[in-house]
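*Asks:* Sharing a structure below in structure tokens format, with a few things to ask.
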Amino acid sequence: MATSTHSQRLHLILDFDGTITTSDTTPIIGSRLLSEAQNCGATTKSMKYYTDRYMQDHQTWKAAQARKLEDCGSVDAVVDFVSEVVGVERASFARVREGILGGGMQEYERDEAKRNDFMLRCGREAIRDGEVGIRDLEALRQLLQVASAGRNAWGVVSVSWSKRFILGALIEAGLIPMDGKEAMAERIKCNEILAPPRKYDEDGRPVTISSARDKLDAMGELLAEWKTGHPNAADTILVYVGDSSTDIGCLARADVGCYIHTPDSSLNAYIARLVDIEARKVTVNDLPRTKSSTNEHSQALCAVEGFEELAAWASKTFRSPN
């Protein structure tokens, strides 16, 4: 490959559910865990019960929400506005977790190896059985090849319930090799529904990555880890790809924020508000090829339907030298 004139380095961070995948995987994870609890001899509620409870709580919260999106005059205000739902999300996570562990899955909580093996298998089976689809697989593979080369790096920030489930899905889809799963595990920030919680909130619920603010913090942690040995970020373009309101902070704080566009997505209203405040909406053809002089906020918000155009841009912008 010819030496590139570009010295830019790519840091690519992707959401998982609805971005890498074509749908939400948390109901699939929950259903598989509840099914396993039943295999252990327990009587458990169905995933539909937990989904219905979540929807009821969400509707109650929405009806009581006092602020309006149009009142948000800054990116931080938008992120905080979207993140007000965090209590509903954490309550739902805790409710499902209690139902699973109360259903005879305590051994999985105690035994990390057993837990990891089970969740990795669930992720692989979900892809193999067609329960989970990968968005624009070949183009995504091309994009990740670019992001894995040279000084580039890529990772995942997700509200998903299991890192090993994500790894299993990526392995089964051929996006990472089996022998690369431990290295990839270090580049995923998400929740662990079976693992012992490391921290509880003031209401006694496990602290989770559940909101736009949580994901923004997780992205910051991941970037801090990547910058070890690379103190100068002036040559690095941070690209974030997401599809939902929980991604809004990461999209806004990246150099390039790419959002999966669907006409009826709730994300569209938040994107429009960001553009009103400070962001610059562009097409893929207009994405930057060099680092901006300032990286405080997103220099570009770009709607994409898949990964093909983004992969082509990345291939041209972040070529590896000999």
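*Asks:* Hey, could you check the stretch 247-280 for residues that are among the small types (Gly, Ala, Ser) and modelled with pLDDT under 90 and say which is nearest to Thr236 (Cα to Cα)?
*Replies:* Among them, the one singled out is Ala279.
*Asks:* Shifting gears a bit: I'd like the residue in the stretch 160-217 that is among the aliphatic types (A, V, I, L, M) and part of a loop (DSSP other than H, G, I, E, B) and, out of all such residues, is nearest to Phe93 (Cα to Cα).
*Replies:* Ile193
*Asks:* Going by what's in this entry, would Ile127 be described as β-branched (Val, Ile, Thr), crowded, with 17+ Cβ neighbours inside 10 Å and without any contact (Cβ under 8 Å) to a residue 60 or more places away in the chain?
*Replies:* Taking the combined requirement at face value, the residue satisfies it.
*Asks:* Just to be sure before I move on: is Lys68 of a type in the set (D, E, K, R) and free of Cβ contacts under 8 Å to residues at least 12 places away in the same chain in the structure I sent?
*Replies:* yes
*Asks:* A further question follows. Only one of (1) free of Cβ contacts under 8 Å to residues at least 24 places away in the same chain; (2) farther than 18 Å from Arg213 by Cα fails for Asp76. Which number is that?
*Replies:* For Asp76, the exception is condition (2).
*Asks:* I've got another one for you. Considering the stretch 154-203 alone, what residues qualify as being touching a Phe, Trp or Tyr at 6+ places or on another chain (Cβ under 8 Å) and surrounded by fewer than 20 Cβ atoms within 10 Å (Cβ to Cβ)?
*Replies:* Result: Arg187, single match.
Yes/no matrix, rows are residues, columns are (1) at pLDDT below 95; (2) closer than 21 Å to Ala126 by Cβ; (3) not in a helix (DSSP H, G or I):
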| site | (1), (2), (3) |
| --- | --- |
| Gly30 | yes, yes, no |
| Ser35 | yes, yes, no |
| Gln38 | yes, yes, no |
| Lys48 | yes, yes, no |
| Asp52 | no, no, no |
| Gln56 | no, no, no |
| Arg67 | yes, no, yes |
| Glu70 | yes, no, no |
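The values are calculated or read from the model by the stated rules, or taken from the named source; none is laboratory data. Computed from a predicted model, the values in this text were never measured in an experiment. Please note: Cβ atoms are built from the backbone with ideal geometry, for glycine as well, and neighbour counts cover all protein chains shown.
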